[in-house]
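To start, the structure itself, in structure tokens.
The values are calculated or read from the model by the stated rules, or taken from the named source; none is laboratory data. Keep in mind the model is a prediction, meaning the values are calculated, not measured. Because the Cβ atoms are built from the backbone with ideal geometry, glycine has one as well, and the counts that use them run over all protein chains shown. All accessible areas refer to the heavy atoms of the entire protein, side chains included, with ligands and DNA or RNA removed. Shrake-Rupley method; radii C 1.70, N 1.55, O 1.52, S 1.80 Å.
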Amino acid sequence: MKKISVIGAGTMGNGIAHCFAQKEFEVYLIDLSNENLKNAKETIEKNLDRMIKKSIITQKEKEDTMSRIHFYEQIGECVENSDLVIEAVTESKKVKLDIFKKLDLLCNQDTILASNTSSISIADIASATTRQDKVIGMHFMNPVPIMKLVEVIKTKQTSQETIKTIMDLSCVLGKKPVLVNDSPGFVANRILLPMINEAIHTLSEKVSGVSEIDTVMMLGMSHPMGPLQLADFIGLDVCLSILEVLHEGFGDIKYQPSKLLKEMVENGELGVKTQLGFYDYSNGMKEKSVNKRFN
Ligand SMILES: NC(=O)c1ccc[n+]([C@@H]2O[C@H](COP(=O)([O-])OP(=O)(O)OC[C@H]3O[C@@H](n4cnc5c(N)ncnc54)[C@H](O)[C@@H]3O)[C@@H](O)[C@H]2O)c1
């Protein structure tokens, strides 16, 4: 594998591009607008600068990494000869199905198509293609350059060869792949999202405040970050989409998204990416304060 295309340059896509480019792959990063690509480039540069400061990489390694990332506004010729395409666009089944249909037409027969979806059925995504044996879930965690886990999701149709290639490739990236079966929310989000949803219910019922709830889970359960701050990092829109998939998939009321979560998403309070979620990040990450609506 040499050439990797990443569709979507948001929170996850820019991190995935960063990791592959750092390991000497040529990366084609695609998003809908020049502005999104510019933001992605700035984020990758900032993250590489942080690694220089910590003496993890040199200035030259940063420059080499950046030179291997190519930015495109459209899914076109650049995906044709890719060995692997990783889709990391908005968590919408319709959007993902359209993209996989397009990729199936454009890419070589041998190209593996992976989705970074948090919850949408990989079998459903694969059904938009004529190469179901080469479609797999490659679920990176946020922030991608730091988090070690890749949840690799196989369907009944995914070939052993595809599974082995993706498991091996994850190791080349320095990650730990864990193979799981296709099921709503897979393993990670089936367990994580009900906890986040419950934390939001606890807040909306005024059992306690934002930082108090997070502190209970950090100091009481040894979680490195509280569930409300984690929701801000994931993106409240992404959390809502995952809960909707779990609710639809299992039909169980325990997965029904909290009203407060829906209201915040409608209001554009999406967390870190809009600088306002359960916390306000407008003065920087270190100076975060609780969103005024909860005071
Ligand atoms: N945020 C997380 O913590 C997290 C963790 C693991 C997996 N995921 C999954 O990763 C995927 C991306 O999530 P994100 O948090 O990076 O979202 P995001 O909103 O930060 O970024 C999504 C990007 O996709 C782009 N996009 C949308 N439609 C497109 C199209 N047709 N072609 C090209 N680009 C398109 C958008 O412009 C945007 O820049 C989702 O499936 C999400 O469930 C997210």
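Quick one: which of 295, 283 is within 18 Å of residue 211 (Cβ to Cβ) and in contact with a strand residue (DSSP E or B) (Cβ under 8 Å, 6 or more places away or on another chain)?
One residue alone meets the criteria, 283.
Checked against the criterion of being part of a helix (DSSP H, G or I), outside the structural domain of residue 116 (by TED's automatic domain parsing), of a type in the set (Lys, Arg) and without any contact (Cβ under 8 Å) to a residue 40 or more places away in the chain, the candidates 262, 206, 254, 273 yield just one match: 262. For segment 159-203, the set of residues classified as closer than 30 Å to residue 260 by Cβ, under 16 Å from the mean Cα position of the chain (by Cα) and in a helix (DSSP H, G or I) consists of 188, 189, 190, 192, 193, listed by residue number. In summary, residue 218 fulfils each of the numbered conditions (1) within 20 Å of the chain's Cα centre (by Cα); (2) closer than 18 Å to residue 285 by Cβ with the single exception of condition (1).
Scanning segment 21-34 for residues that are within 13 Å of residue 140 (Cα to Cα) and more than 7 Å from the ligand (Cβ to nearest atom) turns up nothing. Scanning for something over 16 Å from residue 92 (Cα atoms), more than 22 Å from the chain's Cα centre (by Cα), open to solvent by less than 30 Å² (accessible area, probe 1.4 Å) and not aromatic (Phe, Trp, Tyr), does segment 262-270 turn up at least one residue? Among the residues of segment 262-270, not one is over 16 Å from residue 92 (Cα atoms), more than 22 Å from the chain's Cα centre (by Cα), open to solvent by less than 30 Å² (accessible area, probe 1.4 Å) and not aromatic (Phe, Trp, Tyr), which makes the answer no. Restricting the first member to segment 85-106 and to residues that are touching a residue at least 12 places away in the same chain (Cβ under 8 Å), and the second to residues that are of a type in the set (D, E, K, R) and outside any helix (DSSP H, G or I), the beta-carbon pairs closer than 8 Å and six or more apart or on different chains are 96/87; 99/87; 100/87; 103/87; 104/131.
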